[in-house]
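So the structure is just underneath, and the comments pick up after that.
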Amino acid sequence: MKKEELKAALVNISGNENVFAPDRAEYYAYLFGDATMYRSRPDIVAYPESVEEIQQIIKFANENDIKVTPGAGLTGLSGGAVCEGGILLNPSRLRKVLNVDTISRTVVVEPGMSCADLNRHLAKYGMIVPVAPASHEISTIGANIAEASGGTWGMSKGTFKNYLLSLKVIDGQGTLIETGKACPKQSTGPDLTALFLGSEGTMGVITELTLRCDLLPEDLWTIRVSFSDESVLQKIHEGIAAEKIPLYSFEYMDDKMMHCMGKENMLLLLQTAGSPMDAKKDADKVVSILKKLNPGELKYTNDPKEADELYTERRSCLGALAKADKTKPVIIQFDPVLPLNKFAAGVDKMRELAARENLELIIYGHAGDGNLHPSFIVANDTEQKLKAKKVIREFDEWVESEGGCYSGEHAVGFFLGRDQGEMRKTAPYLRTIKTAFDPAGILNPGKVVDIKEPSIELEPVLDRFQEIGEICGLCAKCHLCKNDSPKFAESPMEHNTIRGRVSMIDAAARGWVHFAAIEPFVEEMKPWTENMNCPTYIKEEMPRLIELSLEAAS
């Protein structure tokens, strides 16, 4: 099908203002893809407004053999929403809470709402879905389910699979199905709801979610502690187990991570929760264990505002990695889960492999459940990227052999070619299941199974725009700046974000679009960047980037 015909069909379904092809400047906001080193190049981007519009788009794509990549918040770390050709279908405009039931403690929500906004809404009823990815302010709840996301409370509350009751999903033929009912007990055959958890849009597009809620804890204590010696990690795990302390969360940032934020020593964050008496009693036990290990900084509080301040660095980790070394702007992060009795051994193994290949490694993540986010910081160089890939694949094999898991909450996508047929021998089963829901194979092909990893090569920046390209290269694509645009709050589209506009500038520097075409968008974002939430080097360079881009447009 000709691209003009594809555009006309989608405009007929969703309206010209919600469809973006390469003939519109807005399209170039979508080329960053997600927070990985890969780039997207869809034929067209569509923002349907309703379930019916999504159905129409899928039916049209199925009839015309056009691939469809669902992608909402575009903050993923496995390439799940990165696409080459076809339709990038973004359901972010569907972002309402449809129902809250305080008796059964359930909530029905559309996929485009963020986890943070959902929990702010539930707080009015004294409830919470206690799964908080670090991206909870910027990622979407539908994508959190599709990626099987977890979060900082995983050790005590699990992941979304512990709270997901039912879904409404549009399959690869455009049929709307309901996977279950909003009941905690369902014995009506195999659990279809669970099939879509972590399916990454390969079997259907989520249009509605029903989740179980918890009551908000009566009291929550947050403990912040630093150590100069990493060996205490295993001792803390053993001490907490011996004392039978039901920790709420346990987060870890190594000393290199803290150096990115201008601080010293490894930082740990631990939380206890429950009744005022129990939360305080457990916090005191934790503090007693920590004091015996000669900590540096040690603070603890149950004041919500103070606790939020204690957690500041943890929320900025992904973007702050870009400050490790200005000459190494590429972040390649992986997501293993270590058995807790192998925690120290796993950290040592990662460091050993990195040192062998002379690669810089920074580690942070969820120490309480063993799910860490080791990150390689490399130059924008193909050889370095491939070297990091080799080490990660080697560690994947080690952690699986030790009883762990190579991805805890970032999903599979096509990241580093981790095909399920190779890694876990489950490809035949997954392929058959996908075919049942998507016979034509149009939904997010090349992800999870039968993986097709795209090239990491990029067309070069044009010589006359080298400085612009270098500044754009400082963006970690973490998207922490996402909510700094008032326009995005009104219309949740990627081209209304700062990152989206940096992507537009990057595309212009490579000659894909003229600077004159994106000039109004660059001019408009000036006030958004003055106090933008950005932990990377690009923050201080934004005035210069805007200046150079406007000069190039004139």
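The alpha carbons of the stretch 445-513 occupy a box of 39, 39, 20 Å along the principal axes, longest dimension given first.
Counting neighbouring beta carbons within 10 Å and listing from fewest to most, the residues T207, T301, T382, T432 come out as T432, T382, T301, T207.
Let me check I've understood the local charge: for R39, count other residues with C-beta under 12 angstrom from its C-beta, Lys and Arg +1, Asp and Glu -1. What total comes out? Provide the component values of the computation, followed by the final result.
Working: positive: R41, K477, R510; negative: D34, E84, E457, E459, D506.
Local net charge: -2.
Using DSSP to define loop residues, name the GluC sites (Glu not before Pro) in the stretch 244-340 whose beta-carbon has at most 16 other beta-carbon atoms within 10 Å. Could the numbers behind the result be given before it?
Working: sites: E251, E264, E297, E306, E309, E313; in loops: E264, E297.
Answer by residue number: E264, E297.
Take every DSSP beta bridge whose two residues both sit in the stretch 1-128; close to 45 percent of them are antiparallel. Indicate the gyration tensor shape class of the stretch 192-339 (rounded, prolate or oblate), computed on the Cα atoms with a ≥ b ≥ c the square roots of the eigenvalues: a/c under 1.5 is rounded; otherwise a/b larger than b/c is prolate and the rest oblate. Since a/c reaches 1.5 but b/c is at least a/b, the shape of the stretch 192-339 is classed as oblate. With a simple spin-label model that places each label point 7 Å from the Cα along the Cα-to-Cβ direction, the separation between E540 and E297 comes to 2.0 nm. For the chain, what does -39500 (n - 2.57) per DSSP helix run (n ≥ 4), summed and divided by total residues, give at 222 nm, in deg cm²/dmol to the nearest 500? Mean residue ellipticity, 222 nm, calculated: -10000 deg cm²/dmol. Straightening the chain between E523 and M277 buys 83.1 nm, computed as 0.36 nm per residue apart minus the Cα-Cα spacing. If every alpha-carbon in the stretch 81-195 counts as one equal scatterer, what log10 I(q)/I(0) does Debye give at q = 0.09, 0.22 1/Å? Normalising to I(0) and taking log10 leaves -0.25, -1.49.
Starting from the stretch 242-300, pick out the trypsin sites (Lys or Arg not before Pro) whose DSSP state is loop and whose Cβ has at most 16 other Cβ atoms within 10 Å.
Working: sites: K244, K256, K263, K280, K281, K285, K291, K292, K299; in loops: K244, K263, K292.
Of the trypsin sites (Lys or Arg not before Pro), the ones in loops of the stretch 242-300 whose Cβ has at most 16 other Cβ atoms within 10 Å are K244, K263, K292.
For M253, what is the net charge nearby, where nearby means another residue's Cβ is under 12 Å from its Cβ and Lys, Arg count +1, Asp, Glu -1? Residues close to M253 contribute a combined charge of -1.
Give the relative contact order (percent, whole number) for the chain; include only Cα pairs under 8 Å separated by 6+ residues.
On the way: 1153 pairs, mean separation 87.2, N = 554.
Relative contact order for the chain comes out at 16 percent.
Summing charges over all other residues whose Cβ lies under 15 Å from the Cβ of E49, with Lys and Arg as +1 and Asp and Glu as -1, gives -3. Between K96 and I456, the simple spin-label model (points 7 angstrom out along Cα→Cβ) gives 4.4 nm. Fraction of C-alpha pairs exceeding 22 angstrom in the stretch 320-418: 24 percent, rounded to a whole number.
Counting other beta carbons within 10 Å of each Cβ, put E409, E26 in order, fewest first. It would help to have the intermediate numbers written out before the result.
Numbers: E409 26, E26 21.
Ranked by crowding around the Cβ, least crowded first: E26, E409.
Only one item in (i) 48; (ii) 17; (iii) 24 matches percent of Cα pairs over 42 Å apart derived from the coordinates shown, and that item is (ii). Taking a straight Cα-Cα cut-off under 20 Å and skipping sequence neighbours fewer than 8 places away in the same chain, the lysines within cross-link reach of K487 are K96, K477, K526, K539. Enter the Cα centre distance for the pair the stretch 446-517 and the stretch 84-141, rounded to the nearest angstrom. A separation of 26 Å, based on Cα centres.
Bear in mind that the values in this text are calculations on the coordinates, not laboratory data. In this text, all values refer to a predicted model and were calculated from it rather than measured experimentally. Cβ sites come from the backbone with ideal geometry, for glycine too, and all protein chains shown count toward neighbours.
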